[in-house]
Amino acid sequence: MQAAVASPPGIGFGELLQRVRSEGLMDQRRGYYAFKMSATLAAVASGWAALFVLGDSWVVMVLAVFIGLASTQAVFIGHDAGHHQIFATRRANRAAGLLIGNLLNGLSFGWWVPKHGAHHAHPNTEHQDPDIAGGVVAFTAAHARSRSGVAAWVARHQGALFFPLLFLEGLGLHVASIQHLRKRDHDASRVVEMVLLSVHFTLYLSALLWVLPPAKALVFVAVQQGVFGFYLGSTFAPNHKGMPILRREEKMDFSYRQVVTARNISGGRLLTFVLGGLDYQIEHHLFPTMPRPNLAKAQPAVKAFCASNHVPYTEASLIDSYRCAVRHLRAIGSGDHADPVPPGVLVGELRARVVGGPSNPCRAR
């Protein structure tokens, strides 16, 4: 095995951090989040209120789509709470996360926070990033090779199946939340989460069965949860899929690791709204506690920082990013992909790519 090679010295991330702090970009945006939370929760509430107004009608399936979209926007706020972007105290952010995650959407905030924290600490790193740990989809060549039977068939066709499978993402998150809480030790936080989840599912099903007959209620659930899962999954898919997968032994400093494993999505303010601010994935990974509306303001400084230090800053359109993700998954499933690369090789490869010309939104191998 080759010796691990550290990323280029003198990155100067401390200076970059000092600059964004001096510009006030790490400061809270209370007005923004007050409006964002009020508008989003009002949208979700209006969707459910309209269900009772329309009553037993197939028109309510339009509401199922709307509630699925609005609920996903609420999850984006829960994401920001998990990163302590909204309130000054950890307790207030946790309260917001529990209300939005557990009560409003039936997702365990206590399960998601440490999982997402591990992803931020070791993005796209084999055996350390839970987001590439494998599930229905194989995100690494090793995962694809280890499968047999139906799982192997899914892996071979996962490029084509990826987006259809996203319709099941919401169901998978609910199941993972419940499994996590069942395994946890009996403590006060677990009880709070279980109570909130129970209230969510009780109110959710009671509202539907109060208005709709069982068969129609089941269709409503399928539509609403399908839209919710697809929207949420397709928001996270462009950010890291198809970017370099690192070995655990790869030695990189914080800034280099965060930038080279992430991809920004270009498209303007409307896309930023649709993606919950995650189109600025590089800035978000460098400054996870930075309030969402400040990420765009930090981008020029981050781009200059990357250019001066030969750190590859990858940015693509939404369509191109999806192509990259699907191409990556197809290559893994077919056995044509050999990620992760040996320790030390990736740094030199990426630096050469930056010095030699603009980066490809899909890392060429």
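Each value in this text was obtained by applying a stated rule to the coordinates, not by laboratory testing. Remember, predicted model here, so these are calculated numbers, not experimental data. Reconstructed Cβ throughout: ideal geometry from the backbone, glycine too, with neighbour counts over all protein chains shown.
Computed over neighbours whose Cβ is under 14 Å from that of L16, the net charge equals 0, Lys and Arg +1, Asp and Glu -1.
Put simply, the amide H of L246, placed in the peptide plane, has neighbours under 5 Å in T125, E126, leaving out anything fewer than 5 places away on its chain. Shown is the FRET efficiency for K115 and V53, computed with R0 = 45 Å from the Cβ-Cβ distance and rounded to the nearest 0.05: 0.70. Looking at the square roots a ≥ b ≥ c of the eigenvalues of the Cα gyration tensor of segment 5-78, which shape do they give, rounded for a/c under 1.5, prolate if a/b is larger than b/c, or oblate? Verdict is oblate for segment 5-78.
Among D279, D27, D129, which comes first, second and so on when ranked by fewest other beta-carbon atoms within 10 Å?
Details: D279 28, D27 11, D129 22.
By the 10 Å Cβ count, ascending: D27, D129, D279.
Listed values for segment 214-220 are Karplus-derived 3J(HN,Hα) couplings in whole Hz (6.51 cos²θ - 1.76 cosθ + 1.60, θ = phi - 60°), namely x, 4, 5, 4, 5, 5, 4, and x replaces Gly and Pro.
For the pairs K115/K183; K115/K216; K115/K241; K241/K303; K36/K297, note any where the Cα-Cα span goes beyond 25 Å. Pairs exceeding 25 Å: K115/K216.
Hey, what did the chain get for relative contact order, percent, Cα under 8 Å, at least 6 apart? Write out the running numbers ahead of the final one.
Values: 499 pairs, mean separation 96.4, N = 365.
Once divided by the residue count of the chain, the mean separation gives 26 percent.
How big is the equivalent ellipsoid of segment 30-237 along its three axes, where each semi-axis is √(5λ) from the Cα gyration tensor, reported in whole Å from largest to smallest?
Those come to 29, 24, 16 Å.
Between the helical axis of 345-356 and the longest alpha-carbon principal axis of the chain there is an angle of about 80 degrees.
Converting phi to 3J(HN,Hα) with the Karplus coefficients 6.51, -1.76 and 1.60 and the offset θ = phi - 60°, segment 56-68 yields 6, 8, 5, 4, 5, 5, 5, 5, 4, 5, 4, 5, x Hz in sequence order, with x at every glycine or proline. Between D187 and R269, the contour length at 0.36 nm per residue exceeds the alpha carbon distance by 25.3 nm. Shown is the FRET efficiency for S198 and T89, computed with R0 = 30 Å from the Cβ-Cβ distance and rounded to the nearest 0.05: 0.65. Over segment 30-237, what is the relative contact order in whole percent, taking alpha-carbon pairs under 8 Å and six or more residues apart? For segment 30-237, the relative contact order is 27 percent.
Between the C-alpha center of segment 271-303 and that of segment 49-89 there is a gap of 22 Å. In sequence order, segment 283-290 has phi-based couplings of 4, 5, 6, 6, 10, x, 8, 5 Hz under the Karplus curve 6.51 cos²θ - 1.76 cosθ + 1.60, θ = phi - 60°, and Gly or Pro positions carry x. Extension gain for D253-R21 works out to 81.5 nm (0.36 nm per residue, less the C-alpha to C-alpha distance).
Dividing the convex hull volume of the alpha carbon atoms of segment 1-127 by its residue count gives 166 Å³ per residue.
Note on the chain: dipole from Cβ charges, positive end direction compared against G170, G149, G277; the farthest Cα belongs to G149.
Here each label is just a point 7 Å from Cα along the line to Cβ, and for A151 and S317 those points are 3.8 nm apart. If you take the alpha carbon atoms of segment 28-71 and fit the smallest convex hull around them, that volume is 50 Å³ per residue.
Out of every Cα-Cα pair that segment 87-146 contains, those further apart than 19 angstrom amount to 46 percent. At an R0 of 56 angstrom, the distance between the Cβ atoms of H310 and V219 translates into a FRET efficiency of 0.55. Run the numbers on segment 45-138 and let me know its relative contact order in percent, using alpha-carbon pairs under 8 Å that are six or more apart. Across segment 45-138, relative contact order equals 14 percent.
Using modelled amide H (1.01 Å from N, peptide plane; none on Pro or chain starts), what sits under 5 Å from the amide H of S266, excluding residues fewer than 5 places away? For S266, the qualifying residues are A316, S317, L318.
Taking every pair of alpha-carbon atoms in the chain, give the share separated by more than 38 Å as a whole percent.
Working: 13040 of 66430 pairs.
In whole percent, the long-distance tail amounts to 20.
Peptides 144-157, 230-243, 320-333, 81-94 ranked from most to least packed by the mean count of surrounding Cβ atoms within 10 Å: 230-243, 320-333, 81-94, 144-157.
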